[in-house]
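So the structure is just underneath, and the comments pick up after that.
The values are calculated or read from the model by the stated rules, or taken from the named source; none is laboratory data. Just so it is clear, the model here is predicted, and its values are computed rather than measured. Cβ atoms come from the backbone with ideal geometry, glycine included; neighbour counts cover every protein chain shown.
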Amino acid sequence: MKKRPLLLIVIALNLVVLVALAFIYPHLMVSPGPLVKGHAELATDCFACHAAWRGASSRRCIGCHAVADVGLRTTKGVPIAAGTIKGSFHQELIEQDCMACHSDHQGPKLTKRSRKPFSHALLKDAVRGRCSSCHEAPKDTVHRDLKVECGKCHQSKAWKPAHFDHALLASAALDRCESCHNAPTDRLHRQIQGSCKSCHTTEAWEPATFDHNKFFVLDRDHEATCDTCHKNNDYSRYTCYGCHEHSQATVRAEHVEEGISDFERCVECHRDPRMEPQETARGGERVDRRRNDGDND
Amino acid sequence: MQARIVRKEVLPFVLYMLALVASTLLIDAALHLLNIVWIGRWLGIPGVLLILGSFGYSMRKRKLIHSGQPATLLRWHEGLAWLGSLLVLVHAGVHFNAILAWLAVGAMLVNVASGLTGKFLIDRSRRRLEEARQRMRDQGLTTDELAERTYWDSMTFDAVRKWRVIHFPITLAFGVLGLAHIIATFLFWGWK
């Protein structure tokens, strides 16, 4: 038991050494992480930024970084080249609380929390609505013709998701879908020359309002899959010989009997299976007449 | 005999330590999954309070307080110290950088290991002493003869019970390192 005071003295001495090391090498012993590059020279001078028992103080930051110069000039007065942000917004904050966004200690490698996300709520109302006062407008095809503030589509929390409203476009731009959108290259769309608006709305790409009746009426006897008439999903072609009802021999016999020799382009005359094709009208077109007998062609 | 030592002493010791590590990893993973890692930063405070609460037994043994059954207080000492250490370990799992803080955590783990060693050593000594006494009672020995024959065993048991002589300086080292870490935090932290 007599050895106990000696043991305690040895432990106490070790601890005194450790505490002394904490004062000599605070950046290793007590710092939560290395300082950002610009403040590296302050690594061993904790009280350059921290007030004892009260933490880091904005007043001390402002002592070196004059609010009027933040983001515009360095502490040595050298102008800062504009980066992704057009100018400094620090002068437009509702309060000077540096620590709300900055933590100059880079966190340990696994956490990396040297900077907290900027909250747009810290901006004065007048500035918050004028995104362009800080941010450069995107120059891509979607944004280049827009003259409205970003807030019409985007939220301040994140750029995406956005809610684009086509009503914001000028009518000339609204008619040129291809100026923003790439035309689909599938077989159905690449043969279409007209405007997207003839089938699609600006609300959503689907459901589309493609009207097959303009080309051929799909009545109850023609509720077939696309591939029945458009072989290999090639919508530039069709055939009426794809079902048992219309064999090439029968169609040929019926049309030759009527004195019709050109019968390969069926929908030229039979656009609506519920109608009887009339004789060719002026200009070489046939005019459909609704059948009265209920027969199908 | 070897198998018995492993089953009765080594295995429970290892399980206590493994449970501590596994619980820490589970809580840490949950905090990360739920994106509430910031909670871990604050768990150091309840952890320290629980460890301080576990000192009731130590104070009772040193007669600094006089209420409470030592056996009950010992169970509380083990439970609170284990739980407090768990919270401090989760707090440490938030990856702080400073050497002083890591030294405090290291000292805490040595302290937990020391406490568990003492617990199993005392349990084993008590069990063996009781077994020896029972054997002698079965042989029909009188109380005086029994006391005489188990004299050295009793001395050994008393010596083992003084494990806290070793446990105390380890606790002291942990206490000072922990206190230094806490003071440094109070000194530099902006409490808002």
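Figures for the structure shown
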{"item": "All helices (runs of 4 or more DSSP H) inside the range B:82-192 with 3 or more residues being among the β-branched types (V, I, T), away from every other protein chain (no Cβ under 11 Å) and in contact (Cβ under 8 Å) with a residue 40 or more places away in the chain", "result": "B:99-138"}
{"item": "Residues located in the range A:1-21, provided they are within 9 Å of chain B (Cβ to nearest Cβ) and at pLDDT 85 or above", "result": "A:L21"}
{"item": "Residues of the range A:174-188 satisfying the condition of being in a helix (DSSP H, G or I), more than 19 Å from A:D140 (Cβ to Cβ) and out of contact with any Asp or Glu (no Cβ under 8 Å at 6 or more places or on another chain)", "result": "A:D175, A:L188"}
{"item": "Identity of the residue in the range A:36-65, in a loop (DSSP other than H, G, I, E, B) and farther than 16 Å from B:W191 by Cα, that ends up farthest from the other protein chains (Cβ to nearest Cβ)", "result": "A:H65"}
{"item": "Residue check, A:R190 among the basic types (K, R) and in contact (Cβ under 8 Å) with a residue 12 or more places away in the chain", "result": "no"}
{"item": "Where A:L28 falls short, out of the listed (1) part of a loop (DSSP other than H, G, I, E, B); (2) within 13 Å of chain B (Cβ to nearest Cβ)", "result": "(1)"}
{"item": "Hits in the range A:45-61 - residues which are among the hydrophobic types (A, V, I, L, M, F, W, C) and either modelled with pLDDT under 85 or over 38 Å from the mean Cα position of the chain (by Cα) (or both)", "result": "A:C46, A:F47, A:A48, A:C49, A:A51, A:A52, A:W53, A:A56"}
{"item": "The listed residue being basic (K, R) and modelled with pLDDT of 85 or more, out of A:K112, A:K124, A:K116, A:K147", "result": "A:K124"}
{"item": "A:D145, sole failed condition from (1) surrounded by 13 or more Cβ atoms within 10 Å (Cβ to Cβ); (2) within 30 Å of A:K214 (Cβ to Cβ); (3) not small (G, A, S)", "result": "(2)"}
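Every residue, every condition in (1) farther than 30 Å from A:R237 by Cα; (2) part of a loop (DSSP other than H, G, I, E, B), yes or no:
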{"residue": "A:K139", "(1), (2)": "yes, yes"}
{"residue": "A:V142", "(1), (2)": "yes, yes"}
{"residue": "A:K147", "(1), (2)": "yes, yes"}
{"residue": "A:S156", "(1), (2)": "yes, yes"}
{"residue": "A:A162", "(1), (2)": "yes, yes"}
{"residue": "A:A172", "(1), (2)": "yes, no"}
{"residue": "A:Q193", "(1), (2)": "no, yes"}
{"residue": "A:A204", "(1), (2)": "no, yes"}
{"residue": "A:P207", "(1), (2)": "no, yes"}
